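*Asks:* Right, I'll just put the structure down here and ask away after.
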Amino acid sequence: VCQEKEIPCAFMEFGALGGTWALDLLRNEGESGTTADTQNFESAVSDKEFENARRVCEFLRCSGLNRNPQKDTRHRTAIIKTHCKKGRPVIVYFGQSDYESGISPYTETSKKLHSPVYENSDAALSSLAQICRQSGWTLIYKPHPEILRRGQRTKVPPGVMLAQYENIFELIELADVIVTIASQCSYESLIREVPVVMLGYNQLR
């Protein structure tokens, strides 16, 4: 209706910081203007905006502020830590809400713009589990809360530690590297200077 009446539309996604929105005139995630035209976006950001962003990131890192308040689960993450292979890398894999990230249902558009290799969080988990088994690495998987709310059961491969309700910041602290297709935990990890491997596309592209 808006297109027919030539009414401009913007697409909204919740921002990583509580109470904020990410607005885009094209679409969200891998289809956003930021993702589609990174060079023009980056050249349009001023030095002052970079400096402001650094201050915001430092505030987020120190305060732990998040749109989903995190409970103190140090007792649970301490147990997870005791099961990590000593002297070997710890990989934390964050799933995303496949249905709200443009991945599911998995179409040609999804493959091109959102997740070029994996059709959902579970498919990526299966591949990562095999890599970690062969390499002797520890793999911890935290499903997206929306997947849990939908009552979907994650098929957890042997040797993978499932962290359903643990504090994301505590898991990031445990990790040598974070892996995700498109979770916003990628931002939280980079703010805390933990390297991230993106298997799909969001504005970080």
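*Asks:* Of the listed pairs Lys71/Lys112; Lys81/Lys155; Lys81/Lys111; Lys86/Lys155; Lys48/Lys81; Lys48/Lys112, which have alpha-carbon separations greater than 30 Å here?
*Replies:* Lys71/Lys112; Lys81/Lys111; Lys48/Lys81; Lys48/Lys112
*Asks:* Another one. Can you divide the C-alpha Rg of the chain by 2.2 N^0.38 Å and report the result to two decimal places?
*Replies:* 1.08
*Asks:* By its C-alpha gyration tensor, with a ≥ b ≥ c as the square roots of the eigenvalues, how is the range 1-117 shaped: rounded for a/c under 1.5, else prolate for a/b larger than b/c, else oblate?
*Replies:* Prolate is the answer for the range 1-117, as a/c is 1.5 or above and a/b outweighs b/c.
*Asks:* With a 1.4 Å probe and all protein chains in place, put Ser115, Ser126 in order of accessible area, largest first.
*Replies:* Descending accessible area places them as Ser126, Ser115.
*Asks:* While we're here: With a cap of 14 neighbouring Cβ atoms within 10 Å, and only residues DSSP puts in a loop, list the chymotrypsin sites (Phe, Trp or Tyr not before Pro) found in the range 1-91.
*Replies:* Of the chymotrypsin sites (Phe, Trp or Tyr not before Pro), not one in the loops of the range 1-91 has a Cβ with at most 14 other Cβ atoms within 10 Å.
*Asks:* Also, quick follow-up: Which percent of the accessible area of the chain is formed by carbon and sulfur heavy atoms (probe 1.4 angstrom)?
*Replies:* Reported share for carbon and sulfur atoms: 53 percent.
*Asks:* Which shape class, rounded, prolate or oblate, goes with the range 45-91 when its Cα gyration tensor gives a ≥ b ≥ c as root eigenvalues, a/c under 1.5 marks rounded, and past that a/b bigger than b/c marks prolate?
*Replies:* oblate
*Asks:* Next question, about the same structure. Counting only the heavy atoms of the protein chains, how much of Cys57 is accessible to a 1.4 Å probe, in Å² to the nearest 10?
*Replies:* Result for Cys57: roughly 50 Å² accessible.
*Asks:* I'd like the FRET efficiency for Tyr99 and Ser135, computed as 1/(1 + (r/R0)^6) with the beta carbon distance as r and R0 of 30 Å, rounded to 0.05.
*Replies:* For Tyr99 and Ser135, the calculated efficiency is 0.45.
*Asks:* Can you give the helix-only mean residue ellipticity at 222 nm for the chain, where every DSSP H stretch with n ≥ 4 adds -39500 (n - 2.57) and the sum goes over all residues, rounded to the nearest 500 deg cm²/dmol?
*Replies:* -10000 deg cm²/dmol
*Asks:* Something else about it: Using the Cβ atoms and a cut-off under 11 Å, what net charge is assigned to the surroundings of Gly102, where Lys and Arg are +1 and Asp and Glu are -1?
*Replies:* Neighbour charge sum, excluding Gly102 itself: -2.
*Asks:* Using only Cα atoms, find the angle between the long axis of helix 47-63 and the longest principal axis of the chain, and express it within 0 to 90 degrees, rounded to the nearest 10.
*Replies:* The angle comes out at about 40 degrees.
*Asks:* In addition: In a Gaussian network model over the chain where Cα atoms closer than 10 Å are linked, find which of Ser135, Ser46, Ser97 has the largest mean-square fluctuation.
*Replies:* Between Ser135, Ser46, Ser97, it is Ser46 that shows the largest mean-square fluctuation.
*Asks:* Further question: Taking a spot 7 Å from the Cα of Val177 along the direction of its beta carbon, which residues of the range 58-99 have an amide N less than 14 Å from it?
*Replies:* Counting backbone N atoms under 14 Å from the label point, the list is 88-94.
*Asks:* Any idea what the dipole of the range 73-203 comes to, in debye rounded to 20, about its Cα centre with Lys/Arg Cβ at +1 and Asp/Glu Cβ at -1?
*Replies:* In debye, rounded to 20, the range 73-203 gives about 480.
*Asks:* While we're here: Could you calculate the contour length gain from Arg74 to Lys112, that is, 0.36 nm times the residue separation minus the distance between their Cα atoms, to one decimal place in nm?
*Replies:* Separation in residues times 0.36 nm, less the Cα-Cα distance, equals 9.8 nm.
*Asks:* A follow-up question, please. In nanometres, what is the gap between the two model label sites at Thr20 and Leu148, each 7 Å from Cα along Cα-to-Cβ?
*Replies:* Label at Thr20, label at Leu148, 2.4 nm between them.
*Asks:* Would you mind checking the tilt of helix 121-135 against the longest principal axis of the Cα atoms of the chain, expressed as 0 to 90 degrees and rounded to 10?
*Replies:* 40 degrees
*Asks:* Over the chain, give the accessible area per residue in Å² for a 1.4 Å probe, as an integer.
*Replies:* 61 Å²
*Asks:* Please report how far the C-alpha centroid of the range 1-34 lies from that of the range 84-140, rounded to the nearest whole angstrom.
*Replies:* Their Cα centres are 26 Å away from one another.
*Asks:* A further question follows. Calculate the FRET efficiency for Thr82 and Cys57 from the Cβ-Cβ distance with a Förster distance of 30 Å, rounded to the nearest 0.05.
*Replies:* 0.45
*Asks:* Now for a different question. In whole Hz, what ³J(HN,Hα) sequence does the range 190-205 give by Karplus (6.51, -1.76, 1.60; θ = phi - 60°), x for Gly and Pro?
*Replies:* Values per residue, Gly and Pro as x: 5, 4, 9, 6, 9, x, 10, 10, 8, 8, x, 10, 9, 5, 5, 4 Hz.
The values are calculated or read from the model by the stated rules, or taken from the named source; none is laboratory data. These numbers come from a predicted model, not from an experiment. Every residue, glycine as well, gets a Cβ built from its backbone with ideal geometry; the counts of neighbours run over all protein chains shown. All accessible areas refer to the heavy atoms of the entire protein, side chains included, with ligands and DNA or RNA removed. Shrake-Rupley method; radii C 1.70, N 1.55, O 1.52, S 1.80 Å.
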